[in-house]
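Let me begin by presenting the structure, written as structure tokens, before commenting on it.
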Amino acid sequence: MSETGALYRKYRPQNFSEVKDQEHIVTVLKGIINKDNIPHALLFSGTRGTGKTTLARIFAKEIGTSSIDLYEIDAASNRGIDDVRELKEAVHTVPYESKFKVYIIDEVHMLTKEAFNALLKTLEEPPAHVVFILATTEEEKLLDTILSRCMVFRFRSPSRAVLSEIVTEVAGKEGFKLSPESADLIAIAADGSFRDALGVTQKVIMALGEKLGEADEVAMIIGAPKRAIILALLKAFHTKNVELGLSVINQAVNEHVDIKLLLRLLLEHVRTIMLLRNLSNNQDVILEAYNPDMQSELKAITKESSTPLNSHLLLKLIATVEQTNRSPLPALPLEIVMVEHCESK
């Protein structure tokens, strides 16, 4: 498993039944195949690591296309007019042994304007034996004329619960056990990507060997904050203790914590407090991702008659995430929010 991304390739879905969290797409694709009404062009749109290329390969296999008649093109490195002209000529040759030749064009938004226009002409008059599957992470960059000639499928990012379930299952198959809190931490770090979730899981397995993956150990490996840092930050915001807050942020920087991940986890915890304060039902469900100690801490804060850990702070933290992406000093936006929050009445 030393090769980067090996777990993702090893456990890549091989058929429709193995595809997770994209039922709205799988159902339609199955219907298309059952009715034998295969469109000549499909567009798979979604964020990275959501399974666009994987599902494109599965669809190609399900319509009977063999590997010799399946072509994958990376538009990022084959983005010019000459590349598309070569493609335009190649599509007219009949398949070697399949009913359809399938062309998967990944990151299609990377094509030049001239290449787009050439591709459009190919999409307008495609040979009957050709199916194009265009994949993109930036649908908004595509010409409307391209979109209008494709059957569009928009992939959703997998839920945190689904990612947690997958990394737990894959780790188990690899002979490794993740604690529920660790699996949830990896799911948050993956930021809606199947590929990233399994990449992080592989990193944890390689670092810990046969040990149980407990939350603080996993946090250290992936650059996430330990539980104590999150608790201390919550306390600082709750009590408006600026000295404590700034010292904890400085500790996180010294421990090489990923500040973006720290903010995401802080948002999760403050959101949980807001939900607990406003929802009387399903509180066990809201807290199920946390270990017993953290559950007790969150419940204690929630029981306070008044706490500044509320929707207003959440809005400030959301803005802080955006500012962190642009800041030359990643921790600075969080430090500013801490100071402003503690000075407010």
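Table for the structure above
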| quantity | calculated |
| --- | --- |
| Of all residues in segment 230-260 being β-branched (Val, Ile, Thr) and surrounded by fewer than 21 Cβ atoms within 10 Å (Cβ to Cβ), the one that is farthest from residue 164 (Cα to Cα) | 242 |
| Selection count where residues are polar (S, T, N, Q), surrounded by 11 or more Cβ atoms within 10 Å (Cβ to Cβ) and either under 13 Å from residue 240 (Cβ atoms) or touching a residue at least 24 places away in the same chain (Cβ under 8 Å) (or both), scope segment 294-308 | 2 |
| Count of residues meeting criterion [among the charged types (D, E, K, R), part of a helix (DSSP H, G or I) and touching a helix residue (DSSP H, G or I) at 6+ places or on another chain (Cβ under 7 Å)] in segment 158-177 | 1 |
| Qualifying positions in segment 105-116 - among the β-branched types (Val, Ile, Thr) and within 21 Å of the chain's Cα centre (by Cα) | 105, 108 |
| So residue 336, is it free of Cβ contacts under 8 Å to residues at least 24 places away in the same chain, among the hydrophobic types (A, V, I, L, M, F, W, C), over 25 Å from residue 164 (Cβ atoms) and not assigned by TED's automatic domain parsing to the domain that holds residue 179 | yes |
| Test set (1) loosely packed, with under 12 Cβ neighbours inside 10 Å; (2) touching a residue at least 24 places away in the same chain (Cβ under 8 Å); (3) acidic (Asp, Glu) - residue 268 fails condition number | (1) |
| Subset of segment 117-153 [crowded, with 20+ Cβ neighbours inside 10 Å, in a strand (DSSP E or B) and within 28 Å of the chain's Cα centre (by Cα)] | 131, 132, 133, 134, 135, 136, 153 |
| Segment 25-60, residues that are more than 25 Å from the chain's Cα centre (by Cα) and either within 25 Å of residue 196 (Cα to Cα) or part of a strand (DSSP E or B) (or both) | 41 |
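Table: residues versus (1) surrounded by 15 or more Cβ atoms within 10 Å (Cβ to Cβ); (2) under 19 Å from residue 110 (Cα atoms); (3) not assigned by TED's automatic domain parsing to the domain that holds residue 141.
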residue: 30; (1), (2), (3): no, no, no
residue: 37; (1), (2), (3): no, no, no
residue: 43; (1), (2), (3): yes, yes, no
residue: 46; (1), (2), (3): yes, yes, no
residue: 55; (1), (2), (3): yes, no, no
residue: 63; (1), (2), (3): yes, no, no
residue: 67; (1), (2), (3): no, no, no
residue: 72; (1), (2), (3): yes, yes, no
residue: 75; (1), (2), (3): yes, yes, no
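The values are calculated or read from the model by the stated rules, or taken from the named source; none is laboratory data. Computed from a predicted structure; not experimentally measured. Every residue, glycine among them, receives a Cβ derived from its backbone with ideal geometry; neighbour counts consider all protein chains shown.
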